[in-house]
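These notes concern the structure reproduced below.
The values are calculated or read from the model by the stated rules, or taken from the named source; none is laboratory data. Everything numeric in this text was worked out from a predicted model, so none of it was measured. Because the Cβ atoms are built from the backbone with ideal geometry, glycine has one as well, and the counts that use them run over all protein chains shown. We work out accessible area using only protein heavy atoms, side chains counted, and drop any ligands, DNA or RNA first. Shrake-Rupley method; radii C 1.70, N 1.55, O 1.52, S 1.80 Å.
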Amino acid sequence: MNLEFKDKRALVRVDFNVPLNENFEITDDTRMRKALPTIKAILEKGGSVVLMSHLGRPLKKLKDDGSINVEKFTLKHLVGHLSDLTGVKVKFCPETVGGQAEAMSADLRPGEILLLENTRFNNGEKKGDKDFAEQLSVLGDVYVNDAFGTAHRAHASTAVVADFFAKDKKSFGFLMEAEILNANKVLNNPERPLTAISGGAKVSDKILLLERMLEFVDNLIIGGGMAYTFFKAQGGNVGNSLVEEDKLDLALELLKKAKAKGVKICLPEDSIIADNFANDANSAIKSNMEIPDGWMGLDIGPKAVEEFGKVIAESKTLLWNGPMGVFEMSNFAGGTKSVAEQIAKATKNGAFSLIGGGDSVAAINQLELADDVSYVSTGGGAMLEFLEGKDLPGIAAIEG
Ligand code: AMP
């Protein structure tokens, strides 16, 4: 974040899309806290900050009369807590762009913070509308993007607005820099062996990622619901486990590709199976080629835990995406927990570990192991797309 901030207004895109309860109280402020280093650094360098973010999907959840449910989606709900977190009395503008926003922005003194209303109250945001982006751009002298979670969207405030700033007037914030740096540790010259651990519900969600992984990993561990498609494709009986019938050929193709590329694929040898999709179902341990009809695999079994543990322990770089089982149910969370603990142990022994995307992030937080791995991405879909090798509009707009 090498910009000159003294006496400048920094227009900063943050991801303040935080969960609120029915009383509009913030139930998890992680995203706000992650943006603090950037905000504080700008203030310390003598600048002021104009913050913009989206919150929820206001244009998808209109009131019965077709108007925006301002009360539900207003960023005003965040003003008090943001003031507490920053130690600065945050000003709030009830519009995102326009005369009032311009006047309030022009009035800012160094050290002050202005929070604009929800960017998604405006049709132009998701469309990446140029006029709307230009109206946003006049609210700052420099532009900083610290919203990695929306970097894969070519929206007005995340990408298009950057076109209105010269190269030396725009930058990533610290969070965005950290996300890119850590993803690149896996993608560019990683220490080997490099092991990707993929899990979660469906092969179809992860096809691009799996294909891309085959290009550069040494080992690919596949767990979770998506493993059963691979067993069924190889002639196994997987009972009522999650299977994507239309992905059987693709699964075989991926196995063939892996072989051709010399990538070791580790599928779970056994599963904890259940006679019902419920925490209190009857359960048993079974080989994944012989799951009886009426039973389904809901977690990896003890042999798989041991085998996966060995591969993880021997790895120097680890990338984990997706849980090993239905970790939301305590009786089927053991495999995910073991893998998380093995990753933490390998990290302690010197490996670099990146936890990227959705539910593995939730799992590592639930297990309170976030501090025991190298980096936990805030990125979700953006991190997945980055790892898949796609150009993210939010990154391209700054690097451009
Ligand atoms: P994803 O968002 O693709 O990472 O998928 C995460 C979801 O996959 C979680 O909600 C898990 O409960 C679910 N999941 C993991 N393993 C299984 C399984 N064996 N059967 C059904 N769902 C699973």
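For the range 9-172, I need the span (max minus min coordinate) of the C-alpha atoms along each principal axis, in Å, sorted largest to smallest.
Computed over the Cα atoms, the extents are 45, 35, 30 Å.
List the relative contact order of the range 68-198 as a percent without decimals, with contacts defined as Cα pairs under 8 Å and 6+ residues apart.
With pairs under 8 Å counted, the relative contact order is 18 percent.
Given charges of +1 on the Cβ of Lys and Arg and -1 on the Cβ of Asp and Glu, with all other atoms neutral, how large is the dipole of the range 69-190 about its Cα centre, in debye to the nearest 20?
Numbers: 14 positive and 17 negative charges, 57 e Å.
With only Lys, Arg, Asp and Glu charged at Cβ, the dipole is about 280 debye.
Under a point spin-label approximation (7 Å from Cα along Cα-to-Cβ), what is the LYS167-ARG57 distance to one decimal in nm?
3.9
With the dipole of the chain worked out from charges on the C-beta (+1 for Lys and Arg, -1 for Asp and Glu) around the Cα centre, which of LEU36, PRO268, VAL311 lies farthest toward the positive end?
So the residue we want is LEU36.
List the aspartates and glutamates whose alpha-carbon lies under 16 Å from that of LYS91, not counting same-chain residues fewer than 8 positions away?
Here the aspartates and glutamates satisfying the reach criterion relative to LYS91 are GLU102, ASP107, GLU112, GLU117.
Using a 1.4 Å probe, what is the accessible area per residue for the range 9-172, in Å²?
Normalised by residue count, the accessible surface of the range 9-172 is 44 Å².
Would you give the gap between the C-alpha center of the range 1-69 and the C-alpha center of the range 163-220, rounded to a whole Å?
Cα centroid of the range 1-69 versus Cα centroid of the range 163-220: 25 Å apart.
How high is the relative contact order of the range 122-200? Use alpha-carbon pairs under 8 Å, at least six apart in sequence, and give a whole percent.
30 percent.
If one computes the Cα centroid of the range 249-322 and of the range 85-123, what distance in Å separates the two points?
50
Probe radius 1.4 Å, ligands and nucleic acids left out: which of HIS155, HIS77 has the largest accessible area, and how do the rest follow?
HIS77, HIS155
So what is the relative contact order for the chain, in percent, with contacts set as C-alpha pairs under 8 Å and at least six apart?
Over the chain, the number comes to 15 percent.
On C-alpha positions alone, give me the angle between the axis of helix 302-313 and the longest principal axis of the chain, in degrees, nearest 10.
Orientation of helix 302-313: about 60 degrees from the principal axis.
Please work out how much length the chain gains when fully extended from ASP129 to ASP280, using 0.36 nm per residue of separation minus the C-alpha to C-alpha distance, in nm with one decimal.
Stretched fully, the ASP129-ASP280 segment lengthens by 49.3 nm.
Sorted by packing (mean other beta-carbon atoms within 10 Å per residue), highest first, where do 180-186, 281-287 land? Walk me through the numbers on the way to the answer.
Details: 180-186: 18.1, 281-287: 14.9.
Going by the mean number of other Cβ atoms within 10 Å, highest first, we get 180-186, 281-287.
Of THR336, LEU175, ILE398, which is farthest on the positive side of the dipole of the chain, counting Cα position, with +1 on Lys and Arg Cβ, -1 on Asp and Glu Cβ, and the Cα centre as origin?
Result: ILE398, furthest along the dipole toward the positive end.
Roughly speaking, what is the stretch gain from ASP293 to ARG109, that is 0.36 nm per residue apart minus the C-alpha to C-alpha distance, in nm to one decimal?
Working it through step by step, the gained length comes to 59.3 nm.
Under 13 Å Cα-Cα from LYS310, which aspartates and glutamates qualify once same-chain neighbours fewer than 8 residues away are excluded?
Reachable aspartates and glutamates: GLU341.
Lysines near LYS169 by alpha-carbon distance under 20 Å, same-chain residues fewer than 8 away left out - which ones?
Within the straight-line cut-off, LYS169 pairs with LYS6, LYS8, LYS40, LYS45, LYS130.
Rounded, prolate or oblate: which fits the range 167-207 when a ≥ b ≥ c are the square roots of the eigenvalues of the alpha-carbon gyration tensor, with rounded for a/c under 1.5 and prolate only if a/b beats b/c?
Details: a/c = 3.41, a/b = 1.69, b/c = 2.02.
Oblate, since a/c reaches 1.5 and b/c is not below a/b.
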